[in-house]
Amino acid sequence: MSAEVREATGMRLIGHDDLAGRGNVGEGIGLRRAGGRRTLYLAHESAPLSYSVVDVTDPRRPSLVEQTTLPHHGLRSNSLAVVDDLMVVCYQEGTGWRGPRLRPVGLEVFDLGRDPHHPRSIGFWDASGPASRGTHCVWFVDGRFAYVSTGTADSRPTHPRDDQFVVILDLADPARPVEVGRWWLPGTQEGDGADPPERHPRFDHGFRAHNVNVYPERPDRAYCGYIDGGVVILDIADRSRPRLVSRLDYHPPLPGFTHTTVPLFGRGLLAVTDEAVRDGGADWPKPLWLMDISVETNPTILGTAPLPVEELRHRGGRVGAHNLHENDPADAAWRSDDVVVGAFFNGGVRAYDVRDPFHPREIAHLIPAAPPGSPAGAAQVNDVFVDELGLVYAVDRFTGGLYVIEADL
């Protein structure tokens with residue numbers, strides 16, 4: 001373990017891997033537990049890498065076993081999900097790509113059963129199109145349906161930033177994923193009969209889908225972060241015809257980028273993050289929200305989690321929330337309705353007791369020291385996953401790689 005810790009309370013760094021010096025990990029972490037081995041799969045933030053495979057059977061000594069590269073430097077993979085013997089990986093054009101439309105973009109399906117350390121491609125869903133930059137994020141937990149934020153071959157956004165919406169894919173035959181349903185915010189696709197949403201001149205990141213989360217407790221509901229469109233709850237009882245249940249949009253006055261939505265079903269709550277996308281806290285506030293969804297047609301903000309913003313804004317890089325541990329319904333995942341664990345860029349990994357949603361309370365945090373070569377000059381913790389043992393796997397978006405953390409949760 002070569003990484004150092006800048007500060008920590010209630011968390012201890014026990015393992016680290018810089019991923020062969022190419023530790024820029026996105027927001028895709030999947031853990032597979034089988035045959036006495038534990039294997040972690042990490043999607044990368046940007047080219048040239050697609051994903052890394054790390055053996056974490058001994059969490060104190062994580063071991064990199066494979067890294068794969070993208071076919072084009074203008075692509076990014078960013079998001080993946082693992083269920084049993086399947087892994088799905090998203091592909092879209094990379095941030096800042098200004099060349100011709102890249103093909104193919106979409107979702108690739110891999111088999112993990114034969115050799116979990118070396119995934120084998122078995123299928124692909126093509127999202128290429130004249131107005132599609134591809135697939136950004138995937139939710140896949142039941143082995144059958146994948147919920148993606150994506151463009152499609154026939155999509156025609158009314159504004160270039162509104163180019164990704166909810167698409168449901170059926171992977172009954174993993175070699176041939178099939179679209180079974182789609183939904184977009186009315187007004188964001190040409191010809192849908194609605195007026196385009198009003199745009200804020202200062203903060204305009206787009207009215208498009210990001211996370212689309214569906215859980216076995218409510219298989220007929222999808223909980224979505226819709227960037228500048230706020231929080232969206234969809235009725236997907238009929239997957240071929242998703243229907244809006246409710247939407248809570250608080251942009252403006254707040255600066256947008258609703259990112260992750262995690263229902264806490266036993267509490268009637270929704271944990272929500274707005275992603276920080278500018279350095280130095282220039283786009284603050286980007287908090288972790290606690291919302292009441294006990295009346296799902298009327299989501300209501302109750303409170304925000306504390307974060308030492310004034311201290312962090314001088315440390316370098318982004319300041320604020322990003323991803324949450326999403327209570328994945330898997331045997332290898334930790335689940336809680338009382339504690340929320342998240343990635344907060346230069347604020348590191350932070351855990352909050354949310355039993356009082358009006359006053360969430362921090363119970364633990366860990367901020368790695370600035371990784372060597374990081375352009376931010378500080379840790380930029382991008383995503384977290386908590387396993388069934390309570391170990392936290394955290395990743396850095398630039399050079400830090402993988403951190404394995406014991407936490408008092």
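Could you list, in sequence order, the residues of the stretch 52-76 that are assigned to a strand (DSSP E or B) and among the charged types (D, E, K, R)?
Those that are assigned to a strand (DSSP E or B) and among the charged types (D, E, K, R): Asp55, Glu66, Arg76.
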>> Restricting to the stretch 42-97, name every residue that is buried (at least 17 other Cβ atoms within 10 Å of the Cβ), polar (S, T, N, Q) and closer than 22 Å to His210 by Cα.
In response: Ser46, Ser50, Ser77, Asn78, Ser79, Gln92
> How many residues, within the stretch 387-409, are within 25 Å of Ala20 (Cβ to Cβ) and in contact with a strand residue (DSSP E or B) (Cβ under 8 Å, 6 or more places away or on another chain)?
Replying inline: 15
>> Exactly one of these conditions fails for Leu307: (1) under 20 Å from Glu362 (Cβ atoms); (2) in contact (Cβ under 8 Å) with a residue 60 or more places away in the chain. Give me its number.
In response: (2)
> For the stretch 327-340, what are the residues that are surrounded by fewer than 18 Cβ atoms within 10 Å (Cβ to Cβ) and polar (S, T, N, Q)?
Replying inline: Ser336
> Pro62 is checked against (1) touching a Ser or Thr at 6+ places or on another chain (Cβ under 9 Å); (2) at pLDDT 95 or above and fails just one. What number does that condition carry?
Replying inline: (1)
>> I want to confirm something. Restricting to the stretch 128-150 and keeping residues that are free of Cβ contacts under 8 Å to residues at least 40 places away in the same chain and assigned to a loop (DSSP other than H, G, I, E, B), which single residue is nearest to Gly229 (Cα to Cα)?
In response: Ala131
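Is one or more of the residues making up the stretch 37-49 within 15 Å of the chain's Cα centre (by Cα), of a type in the set (S, T, N, Q) and within 24 Å of Ala351 (Cβ to Cβ)?
Filtering the stretch 37-49 for residues within 15 Å of the chain's Cα centre (by Cα) gives 41-46.
Pick out the ones that are also of a type in the set (S, T, N, Q) and you get 46.
Pick out the ones that are also within 24 Å of Ala351 (Cβ to Cβ) and you get none.
The answer is no; no qualifying residue exists.
Counting only residues that are charged (D, E, K, R) and modelled with pLDDT under 95, how many does the stretch 314-337 have?
Our first condition is that a residue be charged (D, E, K, R); within the stretch 314-337, this holds for 315, 318, 326, 328, 331, 335, 337.
Now drop any that are not modelled with pLDDT under 95, which leaves 331.
Selection size over the stretch 314-337: 1.
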> Do the conditions hold for Ala343, that is, is it of a type in the set (A, V, I, L, M) and either under 29 Å from Asp204 (Cβ atoms) or surrounded by fewer than 24 Cβ atoms within 10 Å (Cβ to Cβ) (or both)?
Replying inline: yes
> Going through the stretch 351-409 one residue at a time, which ones are within 21 Å of Arg38 (Cβ to Cβ) and among the hydroxyl-bearing types (Ser, Thr, Tyr)?
Replying inline: Tyr393, Tyr403
> Quick check, is Ala175 of a type in the set (A, V, I, L, M) and without any contact (Cβ under 8 Å) to a residue 12 or more places away in the chain?
Replying inline: no
> Scanning for something polar (S, T, N, Q), outside any strand (DSSP E or B), touching a residue at least 24 places away in the same chain (Cβ under 8 Å) and closer than 28 Å to Phe140 by Cβ, does the stretch 366-380 turn up at least one residue?
Replying inline: yes
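The values are calculated or read from the model by the stated rules, or taken from the named source; none is laboratory data. Everything numeric here is computed off the predicted structure, so don't read it as measured data. Don't worry about glycine lacking a Cβ; one is built from the backbone with ideal geometry, like all the others, and counts go over all protein chains shown.
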